[in-house]
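Data first, discussion second: the structure below is written as structure tokens.
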Amino acid sequence: MTTQPTRQKPRRTLGFALAFTLAVPLGLAPATAQSQPLEPQLPDVDLSAGDVLSFDFGCSGGPVSAGYTEVTESTLYDPSTGYGLSAPVACRDRGSLDDMRRDFVLAGGEEFRVDLPDGDYHVTVISGDAIASNNTLLTVQGEDQGSLQPRGTGEFAEHSLYTTVDDGTLTLQLFNDGRINGLHISQVAPPSEVSLGEITTVPPSVTLDWEELEGAANYTVYRSPADRAEYEALGSVETNTFTDESVELGYSYDYVLTQTSAAGVESGYSVPVRADVVDPTVVAPAAPESLSLGKANRKGTTITWNGGDDVLEYHVYRSLSPDRGFERVATTEQTQYFAEGASEVNYYYTVLAVNAGGVSAQPEPLLTPVTDRGNNSNPFAQCSPDGADAKVQRTGDTWRATNGNQTVLETYSMVEAMQAAVDSLTPGRTEQESVVVRGSGTMPADASVDLPSHTSFSVCGTIHVAGNEGPFSYEDHTGVVRIRHVENVSVPFLSVTGNPNFGVYLRTSSDVHFGQMDLRLSGGHGMRIDSRDDDSVREARNITIDDVYVSGTETHGVETYGVDGLRIGTVTAVNTGHAGLLLNDTVNADIDKVVGDNAAAGTGYAAFRMANRNGQIDGAWPTNIRVGELIAHGGGRGFFCVSESGGLEIEKLEISGSGSNAMLIENCHNITLATDSGVVEGPGDIRISARSEFANTSDITFNNLVLRDTALNENPCGENIQVNNLVLENSEINTCQ
């Protein structure tokens, strides 16, 4: 497995930047020992463009790979040769594999230096061991490259990056019994003096020209929408000119180029060049006016607008948020657009006008209604106002709240009508009375519907939350539905879009039932259930959630803190910013299923996380948290237990593609995983760990698991770690017992 260099926007003085998160565009890879037969080169000879200087590290008297310069455990730096180690080191020869990979030197902070002309270089370090795992730490030119782990027995890391020599010496330093088998160095500069050639508008095209480079085999052209730095490869050519015929009229683009040497090494990016695909003699059109809603039903949604005579075409965009995330859904010459089919959510639409002079400004987005509620495949089909004590109904732009035959309030504000209906229920009641909202609408982010005791509140439509420009805050307890210090409350149906602070906020309440919860957000937090008035007690009690779908949050999907008695059917968390389901200081929980799809991507959170003494009862961890099935694909971690939590049993699990550990169990106790069955697939590993401020991890049992392209690693050693009936597919177990 090879770690490859990331394309990064260059600094103008260097032509490219150091790349520490490493990946190259498809089809391109750094040179390896097998790239091309090379004649040996001495480091005291200038490295020509396109050439590769290769070193083979190993024991004295061992074989040297063809085309490589030998470095043994005693090859010390000598100005006359221009390369060498800062001090003697150890070496190992495993006597197997090829001449370069069979042996290596072991460094514990020593340096390897190579004298080179100042300039920009591509470097690849090969590190591995035929009979042991490898955890080499590496710095290049003083920049920390991190660990080359995870690399199991017989696996070899090929760590590649771009770096700059400005003092005549390239310096590598290895730590932690660092292994180095081989080193490739190539001087490869990005194309320079890239310029715009002809730009045409009929048909639209952009031509680029640049100076040819010595040693270049080909050049690759990358393009991004202007100012986004989201470059994608358009193609490679062997000449010094390229014409892009896939541009669109009226738009601006940034282009960068790389060169790939005959040895197969690709350079960093050139300096970006901006191309405006416009006719400067033509004035760009004005923004479309009067965006309005035509018909909206299960057959489809129609939006219309007014445009000018100078418009060639209109581009229709759609998003779940009024201020970001717009994607083009249509191009038309008409002044209307029909979105076929029923809509499950509130969409915002906007339209841009285009002519040869450019693209118009964006008009104010238009919010369209949900039209999909009520079909047989939708659980919201069961939502009905029949039998409700109070009702809220939308007619045109007006919301009307009624109780029996009496009109309580007529208003343009959805949230005012909903709260008025709730407040119209019998004061001081001891049995539940109900409110049902019929229709979809918008409420501001700084408002909530507060539910008192003995209240049922259903929304047979969608509430869109608008106007929240700030980041999420735990200190702001505003939620679409807010339940505080009450009992006997139910929310059978709730659908929310937009950017609330909380979709649902509950504090220190008991006997609360949530039915079908659909939270397709563009920020904020999904559901928060806590009793944090006093952390010494768990006074959120007997909480039930039938089914919750939550997506697009800034933080967690569903979170509890200080709950005693939790029953959940299914949590489905898609693209949540942090954990899909997070249980803090919660006991006696029974959860049928947790599904995480890209939950907590790029973070240390997980599809399912337990923290802050979760599952701890009277200082012990009896089994009291049950999860029937955990499914996690992509995202951060699949499962994460931390900070004195435990008492957990998971019957089935399926974890794959996690960006961090597939599972991390740290300072947790009495956890049994996969009592029925499970599959854990890499690249993330299963890690058993502990921090010194808590008691050591103990009583962890893994059963009936298939490990695929991953590892089970225990470090530091826990107590009573059991491994039963595991199937290894390109995986290994590194436990202490």
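Below, the figures for the structure above:
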{"quantity": "Nonlocal amide H pairs with T603, under 5 Å, H built at 1.01 Å", "calculated": "G636"}
{"quantity": "Heavy-atom accessible area ranking, 1.4 Å probe, most first, across I631, I545", "calculated": "I631, I545"}
{"quantity": "Two-site FRET efficiency, T570 against Q334, from Cβ-Cβ distance with R₀ of 30 Å, rounded to 0.05", "calculated": "0.10"}
{"quantity": "Average accessible area per residue (Å²) across the chain - probe 1.4 Å, nucleic acids and ligands excluded", "calculated": "41"}
{"quantity": "The stretch 512-526-the stretch 122-144 distance, computed between alpha-carbon centres (Å)", "calculated": "46"}
{"quantity": "Helix 414-423 axis, angle to the chain major axis (alpha carbon atoms, nearest 10°)", "calculated": "50"}
{"quantity": "Theoretical gain in end-to-end length, D309 to Y412 [0.36 nm per residue, Cα-Cα removed]", "calculated": "33.5 nm"}
{"quantity": "Linear extension gain, E289 paired with E364, 0.36 nm per residue minus alpha-carbon span", "calculated": "26.1 nm"}
{"quantity": "Nearest-20 debye value, the stretch 359-501 charge dipole, Cβ charges on Lys, Arg, Asp, Glu", "calculated": "340"}
{"quantity": "3J(HN,Hα) from dihedral phi, the stretch 641-652, Karplus parametrisation 6.51/-1.76/1.60, rounded to Hz, x for glycine, proline", "calculated": "10, 8, 6, 6, 9, x, x, 10, 9, 10, 7, 10"}
{"quantity": "Among Y162, T555, Y68 - extreme Cα towards positive end, dipole of the chain, charges at beta-carbon", "calculated": "T555"}
{"quantity": "With DNA, RNA and ligands ignored, accessible area of Y231 (1.4 Å probe; Å², nearest 10)", "calculated": "40"}
{"quantity": "In Hz, Karplus ³J(HN,Hα) per residue of the stretch 386-391 (6.51, -1.76, 1.60; θ = phi - 60°; x = Gly, Pro)", "calculated": "4, x, 6, 6, 9, 9"}
{"quantity": "Global geometry of the stretch 478-621, whether rounded, prolate or oblate, following the gyration tensor of its Cα atoms and the 1.5 cut on a/c", "calculated": "oblate"}
{"quantity": "Farthest positive-ward along the stretch 632-690 dipole, Cα basis, beta-carbon charges - from A674, I650, G635", "calculated": "G635"}
{"quantity": "Amide H within-cut-off set for V574, under 5 Å, with H built and near neighbours excluded", "calculated": "V550, S551, G552, D597"}
{"quantity": "Carbon plus sulfur fraction of accessible area for the chain, probe 1.4 Å, in percent", "calculated": "44"}
{"quantity": "Alpha carbon Rg of the stretch 573-727, scaled by the compact-globule rule 2.2 N^0.38 Å", "calculated": "0.91"}
{"quantity": "Protein-only accessible surface order, largest first, of R708, R541 at 1.4 Å", "calculated": "R541, R708"}
{"quantity": "Test item: Cα-centred dipole of the chain, Lys/Arg +1 and Asp/Glu -1 on Cβ, debye", "calculated": "2340"}
{"quantity": "Among P88, G264, V489 - extreme Cα towards positive end, dipole of the chain, charges at beta-carbon", "calculated": "V489"}
{"quantity": "Pairwise FRET efficiency - V537 versus S192, Cβ, R0 = 56 Å, nearest 0.05", "calculated": "0.25"}
{"quantity": "Ratio of Rg to Rh over the stretch 482-561 (Cα coordinates, Kirkwood Rh, two decimals)", "calculated": "0.96"}
{"quantity": "Karplus-derived 3J(HN,Hα), 6.51/-1.76/1.60, for each residue of the stretch 616-631, Hz, glycine and proline x", "calculated": "8, 10, 6, x, 10, 10, x, 5, 9, 10, 10, 10, x, 8, 10, 10"}
{"quantity": "Relative pair counts by distance (%), Cα atoms of the chain, 10 Å bins", "calculated": "3, 12, 17, 18, 19, 16, 10, 4, 1, 0, 0"}
{"quantity": "Cβ charges +1 (Lys, Arg) and -1 (Asp, Glu), total dipole of the stretch 440-492, debye", "calculated": "200"}
{"quantity": "S192 long-range amide H proximity, modeled H, under 5 Å", "calculated": "E211"}
{"quantity": "Nitroxide proxy distance, nm - points 7 Å out along Cα→Cβ at D167 and A132", "calculated": "3.2"}
{"quantity": "Kirkwood estimate for the stretch 236-330, i.e. one over the average of 1/r between Cα atoms, Å", "calculated": "17.9"}
{"quantity": "Additional length obtainable on full extension of the chain from E111 to E232, 0.36 nm per residue less Cα span", "calculated": "39.8 nm"}
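The values are calculated or read from the model by the stated rules, or taken from the named source; none is laboratory data. None of the values given here were measured: they were computed from a predicted structure. Note that we place each Cβ from the backbone using ideal geometry, even for glycine, and neighbour counts take in every protein chain shown. These accessible areas exclude ligands, DNA and RNA; they are computed on the full protein's heavy atoms, side chains included. Shrake-Rupley method; radii C 1.70, N 1.55, O 1.52, S 1.80 Å.
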